[in-house]
Amino acid sequence: MTAVMADLSPLPMQPRPRSGVRTASPAPQASRRTYGALDLGTNNCRLLIARPAQDGFVIVDAFSRIVRLGEGLAATGRLSDAAMDRAVSALRICADKLRRRHVHISRSVATEACRRAANGHEFVDRVRRETGIMIDIIPAGEEARLAVMGCHVLLEEGDGPALIFDIGGGSTELVLVDTSGPLPRTLDWYSAPWGVVSLTEVEPGDATTPEGRLDIYTRMRARVSGAFSAFAARLPQGTRAHLRLLGTSGTVTTLASVHLGLPSYDRNAIDGLIVQSESLRDVSQMLSRMSHAERIELACVGQERADLVVAGCAILESILDIFPAERLGVADRGIREGILRTLMARDGFQ
């Protein structure tokens, strides 16, 4: 298995049909090569293993686990021993999958938690020693580019301004793209230092009463709105019907699942879904008013997301404030898919 360490230079984003990631059967010459993409975020560790196909790629294995690598980072500026242990445990599973699937080439990236932590590079060294996985700590601009590459095909057709966003654990990336040509082109982007973990930790409060929950949510909204203000001033104006918005993150997939009332998460029902923005705003406000115990009882929220989803709701509402599109696209794809497309394109697969 070959691991890619260096930062990859930007590639043109490849146009693809809107059918989804899993496409036609692999072409015979492509099926012999298997690629891996690992995204170690502030909250999640996620792996995809895929083979090139005639029209994209086919997923052959996947892994996802909430590890909360950035837990406590806002207070200490360091990754905690417990958080690093959780991440390494998940990465050992990923390393085993990469070996068993005979991955031809892979790239593993880490984002905001490792960028911000004083011991981020020490952690990366530990991961290499204990799992064999070589992790690239990528800058925010590269994170945004990969996310766009991985999900832009799900943008609604149209000529109006288009914004793609990724609500992470430690940061939120906003990317304004132009789709007037054959390939999307980045016009502007911004990385806010607030994700579901960092925002939750910086705005504590008494969540046991309705008044306390409202106070926490109001402060979260104000903090994120302030962070977005300079970027918001650069955004183009347009009627709600012409604005196009696409979100890729656990926040939007979770809120969409709650909106649909799903008994359990179903990627086929969520990835590529288009919903009314006001519907997800309503879900956000509902969740912000609920107690922690009430959120746990929601099938698509559960124990793992019950304490973090409120911060995601605050970030989503702040995005809708600055880019009030009538509809919102939901993508269960992003950085990993962007990595896979980059690696395959470098080997000549489209």
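The values are calculated or read from the model by the stated rules, or taken from the named source; none is laboratory data. Predicted model, so just to flag it, every value in this text is computed and none were measured. Every residue, glycine among them, receives a Cβ derived from its backbone with ideal geometry; neighbour counts consider all protein chains shown. Protein only, heavy atoms only, side chains kept; ligands, DNA and RNA dropped before computing areas. Shrake-Rupley method; radii C 1.70, N 1.55, O 1.52, S 1.80 Å.
Before moving on, here are some points about what is shown:
- G205 vs. criteria over 16 Å from G329 (Cβ atoms) and open to solvent by 10 Å² or more (accessible area, probe 1.4 Å): yes
- Taken over the stretch 102-127, the residue count meeting the criterion of being open to solvent by 30 Å² or more (accessible area, probe 1.4 Å), over 20 Å from G338 (Cα atoms) and in contact (Cβ under 8 Å) with a residue 40 or more places away in the chain is 4.
- One residue from G150, G170 being in contact with a Gly (Cβ under 9 Å, 6 or more places away or on another chain), in a helix (DSSP H, G or I), open to solvent by less than 10 Å² (accessible area, probe 1.4 Å) and of a type outside the set (A, V, I, L, M, F, W, C): G150
- In this structure, A74 does not satisfy being open to solvent by 30 Å² or more (accessible area, probe 1.4 Å), in contact with an Asp or Glu (Cβ under 8 Å, 6 or more places away or on another chain) and over 16 Å from T111 (Cβ atoms).
- Output for the stretch 52-71, where each listed residue is over 22 Å from A113 (Cα atoms) and either open to solvent by less than 40 Å² (accessible area, probe 1.4 Å) or in a strand (DSSP E or B) (or both): P52, A53, G56, F57, V58, I59, V60, D61, A62
- Qualifying positions in the stretch 136-172 - on the phi < 0 side of the Ramachandran plot and small (G, A, S): A140, G141, A144, A147, G150, G160, A162, G168, G169, G170, S171
- Pairs where the first residue, in the stretch 172-195, is without any contact (Cβ under 8 Å) to a residue 24 or more places away in the chain and the second is in a strand (DSSP E or B) and open to solvent by less than 50 Å² (accessible area, probe 1.4 Å), C-beta under 8 Å, 6+ apart: D178/A162; R185/V177; R185/D178; L187/L176; L187/V177; L187/D178
- Just one of the numbered conditions (1) under 22 Å from A74 (Cβ atoms); (2) at pLDDT 95 or above is not true of G170: (2).
- Of the residues R341, R281, the single one that is in a helix (DSSP H, G or I), in contact (Cβ under 8 Å) with a residue 12 or more places away in the chain, under 23 Å from M149 (Cβ atoms) and open to solvent by 20 Å² or more (accessible area, probe 1.4 Å) is R341.
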